[in-house]
Amino acid sequence: MIMDNNLLGSFKPKRWFEEIKINQTLDPVYKIATKQQLVMYAGASRDFVPIHYDYQVAQNAGHDQVIIHGALKTAWLSQFVSQWAGVNSFILELEVQYRAIDFPGEKLICNGKVVKKTLGEFYGIVDIEINLEKENGQISVPGKAKLAIPSKEKILE
Amino acid sequence: MSKNLHSTVITDDIKSFLNAESEPVYYQIERQAIYNFSNATGDENSLYNDEIFARSSIYGTLIVPPLFIRSLRPMKYDPLFPEPFSHILDAGSKFFFIHPIRLGDTICVVKKLVDIFEKDGKMGKMLFRKTEITFKNQFGQVAAKEFNTIITYGYGEKDPGIDDHG
């Protein structure tokens, strides 16, 4: 994301780049989708593949119930890192793989760990390994996020 | 009819779609669409939900959540991609966010088929399609890019909506 170097808006950063440590873990966030949420997401994202809202189609594909959209799970992970970093930070890159199918009612856990820090031209750049995990420990969605986070060195220089 | 695993499903017709681009489609970024998306994903971030707050931010107005770009669907290829299989899986994506997308922006969306390959797996032969989707704003700047991988496989009755992806 390309931004000016002199703007923080009206808000004090929730998190400064300099205060973040390698191997620091993000507090986990739990997510449980409802069937109603899948219908709302289908409408909001215009993803009308029926396996996400039509029980018969899901059953024909061998599932006991409708399945959660992969991109909804990614939206949760983007939300998870954005919330951790604060409104003065932003996501530069996000990468995900869909390894398992998840269902409404399942408790899913967003996890993250800081793996790299570099000082960019205007911001600090922080790489985070992220994943969405089932309660039994299976990783459903592994991924990576690269965030720009306000740096005292850059902004206050 | 049995299918030979050693045969290829990548016909000349399919190969001809490599580097094919969809016709551009334009979307105006509307307030209610941003609210609906953040509500559907359970995202309470004030940058997407609170216009007064967002006006005081570095963006000067509401912006869209990162995954909102998934709602800005590209056009289907014309003619349609000659899909040989019946079932579809989304394998994953890599997103690049370059410029913020703000309320009122006009975003032009084009998809391009950048790679096609096949693999043999538990479900028989699978076709992988990697698509690059480019989101440009009204200033001609690339606001975001998505590289999405779709897998199709299996025969029989086609999954409803299989043509809406990839």
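The values are calculated or read from the model by the stated rules, or taken from the named source; none is laboratory data. Note that the coordinates shown come from a computational prediction; the quantities given were computed from them, not determined experimentally. Here Cβ is always computed from backbone atoms with ideal geometry, including for glycine, and neighbour counts include all displayed protein chains.
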_Any hit, the stretch A:34-56, residues being outside any helix (DSSP H, G or I), modelled with pLDDT of 95 or more and exposed (fewer than 15 other Cβ atoms within 10 Å of the Cβ)_ = yes
*Read through the list (1) on the phi > 0 side of the Ramachandran plot; (2) part of a strand (DSSP E or B), then give the number of the only condition that B:Asn19 fails.*
(2)
*Return yes or no: is B:Ser86 touching a Lys or Arg at 6+ places or on another chain (Cβ under 7 Å) and either at pLDDT below 95 or on the phi > 0 side of the Ramachandran plot (or both)?*
yes
*Within the stretch B:129-153, restricting attention to residues that are more than 18 Å from B:Arg70 (Cα to Cα) and crowded, with 17+ Cβ neighbours inside 10 Å, which residue is nearest to the chain's Cα centre (by Cα)?*
B:Thr152
_Number of positions in the stretch A:78-87 that are under 30 Å from B:Met75 (Cβ atoms) and more than 9 Å from every other protein chain (Cβ to nearest Cβ)_ = 0
*Mind listing whichever residues of the stretch B:58-96 are out of contact with any helix residue (DSSP H, G or I) (no Cβ under 6 Å at 6 or more places or on another chain), of a type outside the set (Lys, Arg) and at the interface with another protein chain (Cβ under 9 Å from one of its Cβ atoms)?*
B:Ile58, B:Tyr59, B:Gly60, B:Leu72, B:His87, B:Leu89, B:Ala91, B:Gly92, B:Ser93, B:Phe95, B:Phe96
*asked:* Residues to consider are B:Lys125, B:Lys119; find the one that is of a type outside the set (S, T, N, Q), touching a residue at least 24 places away in the same chain (Cβ under 8 Å) and within 30 Å of B:Ser7 (Cβ to Cβ).
replied: B:Lys125
*When only residues in the stretch A:39-76 that are in contact (Cβ under 8 Å) with a residue 24 or more places away in the chain and more than 9 Å from chain B (Cβ to nearest Cβ) count, which is farthest from B:Ile69 (Cα to Cα)?*
A:Asp64
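A quick yes/no check of all residues on (1) more than 17 Å from A:Ile128 (Cβ to Cβ); (2) among the acidic types (Asp, Glu); (3) in contact with a strand residue (DSSP E or B) (Cβ under 9 Å, 6 or more places away or on another chain):
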site: A:His63; (1), (2), (3): yes, no, no
site: A:His69; (1), (2), (3): yes, no, yes
site: A:Glu95; (1), (2), (3): no, yes, yes
site: A:Tyr98; (1), (2), (3): yes, no, yes
site: A:Asp102; (1), (2), (3): yes, yes, yes
*asked:* Here is a check on your reading of the model: is B:Asn49 free of Cβ contacts under 8 Å to residues at least 12 places away in the same chain and crowded, with 16+ Cβ neighbours inside 10 Å?
replied: no
*Among the residues of the stretch A:88-119, count how many are in a loop (DSSP other than H, G, I, E, B), buried (at least 21 other Cβ atoms within 10 Å of the Cβ) and at the interface with chain B (Cβ under 10 Å from one of its Cβ atoms).*
2
*Quick one: which of A:Ile125, A:Ile130, A:Ile101, A:Ile91 is more than 30 Å from B:Phe53 (Cβ to Cβ), aliphatic (A, V, I, L, M) and modelled with pLDDT of 95 or more?*
A:Ile101
*Restricting attention to the stretch B:55-75, which residues are touching a Lys or Arg at 6+ places or on another chain (Cβ under 9 Å) and either at pLDDT below 95 or assigned to a loop (DSSP other than H, G, I, E, B) (or both)?*
B:Tyr59, B:Gly60, B:Thr61, B:Leu62, B:Val64, B:Leu72, B:Arg73, B:Pro74, B:Met75
*Might you check whether a residue that is in contact with a Ser or Thr (Cβ under 8 Å, 6 or more places away or on another chain) and closer than 23 Å to B:Ser86 by Cα occurs anywhere in the stretch A:134-152?*
no
